1. So between residue 49 and residue 68, what do we pick up on full extension, going 0.36 nm a residue minus the alpha carbon distance?
2. Among 111, 73, which comes first, then next, by fewest other beta-carbon atoms within 10 Å?
3. When 50, 146 are ordered from fewest to most other Cβ atoms inside 10 Å of their Cβ, what list results?
4. Could you work out how much longer the chain between residue 95 and residue 173 gets when fully extended? Use 0.36 nm per residue separation minus the Cα distance between them, nm to one decimal.
5. Assuming R0 = 45 Å, what is the FRET efficiency of residue 158 and residue 20, from their Cβ-Cβ distance, to the nearest 0.05?
């Protein structure tokens with residue numbers, strides 16, 4: 001049975017389905033946000049693998065237990081990020097009770113977390129693009145394929161590849177700007 005991609009579902013719809021006990025919705029929620037949560041834990045807080053696994057489990061247990069407290073369903077991503085940050089900080093305080101956690105790393109950590117937020121927004125926007133756009137952007141930016149390689153694999157002239165990448169990037173920017181008012185206000189990507 002084909003289900004729509006979790007990214008294609010509105011956050012509000014996903015939250016509503018979870019609140020009604022839909023097990024598939026819970027799987028979709030974990031699938032959608034697991035890489036993001038893990039990235040915050042590993043790249044943002046640099047926890048060890050074993051600590052990361054524990055915090056990861058705690059995050060989704062907390063989300064499951066407290067989803068009813070989420071006031072704005074469209075704020076799901078930010079709420080999950082905040083839950084993750086809080087649990088990471090709690091873990092660090094428990095594992096290093098005599099050390100004072102330095103505020104020197106906060107700006108660096110904030111920058112890493114902002115990069116992760118943008119990466120998730122791009123990933124979610126890519127899923128909403130037409131398949132051809134998502135494919136060509138993935139080939140060029142993620143797989144690092146050259147115009148020549150893309151041209152050969154898709155049987156397109158190299159100039160067409162360049163113009164499609166440009167048009168698809170415009171669509172991606174508009175998709176991201178339309179979904180995130182803060183990004184739109186700051187001038188985009």
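1. Full extension of this stretch gives 3.8 nm more.
2. Ranked by crowding around the Cβ, least crowded first: 111, 73.
3. On the way: 50 8, 146 12.
Arranged by neighbour count, lowest to highest, 50, 146 become 50, 146.
4. Stretched out fully, the residue 95 to residue 173 stretch lengthens by 23.9 nm.
5. Values: r = 50 Å, r/R0 = 1.12.
Efficiency computed from Cβ-Cβ geometry: 0.35.
Readers should treat all values here as calculations from the given coordinates under stated rules, not as data from a laboratory. Bear in mind the structure is a predicted one, so any value in this text is a computation, not a measurement. For neighbour counting, all protein chains shown are included, and Cβ atoms are generated from backbone atoms with ideal geometry for every residue, glycine included.
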